[in-house]
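The values are calculated or read from the model by the stated rules, or taken from the named source; none is laboratory data. Remember, predicted model here, so these are calculated numbers, not experimental data. Cβ sites come from the backbone with ideal geometry, for glycine too, and all protein chains shown count toward neighbours. In case anyone asks, the SASA skips ligands and DNA or RNA and just uses the protein heavy atoms, side chains included. Shrake-Rupley method; radii C 1.70, N 1.55, O 1.52, S 1.80 Å.
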Amino acid sequence: MTTPTFTSSLRLEPLFPRHRGLLLTMFEDSRVWTYLDGSPADAEKTTTRFIDAAELSRSATGLGIWTAFLRADSADGRLPSGTFVGIGGVRTLCADLWNLGLSIAPAAWGRGYATELATAAVSAAQVSFPNRTVTARTLTKNAGSERALINAGLQVVWKGPSAAHPGEEARILTDRQPRGSELEWLIHAS
C-alpha cells in the first residue's frame, strides 16, 4: 500500500528512503537500543536495513513497514500534530510468516501508539493474506511492546532463551497456533 492508512491517532505512511532522517534520529537514541541488536553506532546500518526490508516486502506483497505520525496534537498537548511516532508494520519472513515489528520514538512511549500501530498491522496482514501467520518476537524486558502486541490480538506461544540476545529471555507471539515447523524456526531466529 502506498496510500496512508489512518488509525484514531496516527497517519501511517509506507516507509521510504525519504524517511531516513527520522529513523536515524530515533535509532541514535540509546534508549531505543535497549530492545534492539547493536548500539547507536549502528544507526545508519539499521536504518538502511529497515528501509530495504520495507521496500522488499512492499514490492512482493503490497504490505511493509509504515512510518507513523500523529494526526492531531496529543491529548496532553506535549506532542504536536505531525510528530513522528515511530515505525511498525509487517514484513515477510518466509512464504507463510509475517513478522510484526515496532520501534517507537521515546517521546511517544506509554501513550498507546504502539498498540494502534500493531493493531493496524495485524488487521492489514489478516485481510490481505488471511492464511499467513502473523508473528512477533520480543524480549521479556520489553513489557510495553509485549502489551501492545497482546492488545493487538497476538498471544504468547513460546518463551525461553533468546538466540539473538544471549542471556536474555525472549517471547514469541502469534495470531494463531503456529503450523508444522514454524515455531521451531521462530525459536531459532528469536
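On the given criteria, is Phe69 aromatic (Phe, Trp, Tyr) and out of contact with any helix residue (DSSP H, G or I) (no Cβ under 7 Å at 6 or more places or on another chain)?
Yes; evaluated as a whole, the condition is true for this residue.
Whether any residue in the stretch 60-70 is more than 27 Å from Gln126 (Cβ to Cβ) and exposed (fewer than 13 other Cβ atoms within 10 Å of the Cβ) is what I want to check.
For the stretch 60-70, residues more than 27 Å from Gln126 (Cβ to Cβ) and exposed (fewer than 13 other Cβ atoms within 10 Å of the Cβ): absent.
Considering only the stretch 140-150, I want to know if a residue exists there that is modelled with pLDDT of 95 or more, within 20 Å of His165 (Cβ to Cβ), surrounded by 20 or more Cβ atoms within 10 Å (Cβ to Cβ) and among the hydroxyl-bearing types (Ser, Thr, Tyr).
No, that holds for no residue.
Could you please give the count of residues in the stretch 158-172 that are open to solvent by 30 Å² or more (accessible area, probe 1.4 Å) and over 24 Å from Tyr113 (Cα atoms)?
Summing the residues that are open to solvent by 30 Å² or more (accessible area, probe 1.4 Å) and over 24 Å from Tyr113 (Cα atoms) in the stretch 158-172 gives 10.
Between a residue in the stretch 6-23 that is open to solvent by 20 Å² or more (accessible area, probe 1.4 Å) and any residue that is part of a strand (DSSP E or B) and not basic (Lys, Arg), which pairs come within a Cβ distance under 6 Å, given they are 6 or more apart or on different chains?
Arg11/Phe69; Glu13/Thr67; Leu22/Phe84
Looking at the structure I just gave you, is Ser30 under 23 Å from Ala143 (Cα atoms), of a type outside the set (A, V, I, L, M, F, W, C) and more than 14 Å from the chain's Cα centre (by Cα)?
Against the criterion (under 23 Å from Ala143 (Cα atoms), of a type outside the set (A, V, I, L, M, F, W, C) and more than 14 Å from the chain's Cα centre (by Cα)), Ser30 qualifies.
Of all helices (runs of 4 or more DSSP H) completely enclosed by the stretch 97-190, which ones contain at least 3 residues that are farther than 22 Å from Thr7 by Cα and among the acidic types (Asp, Glu)?
none
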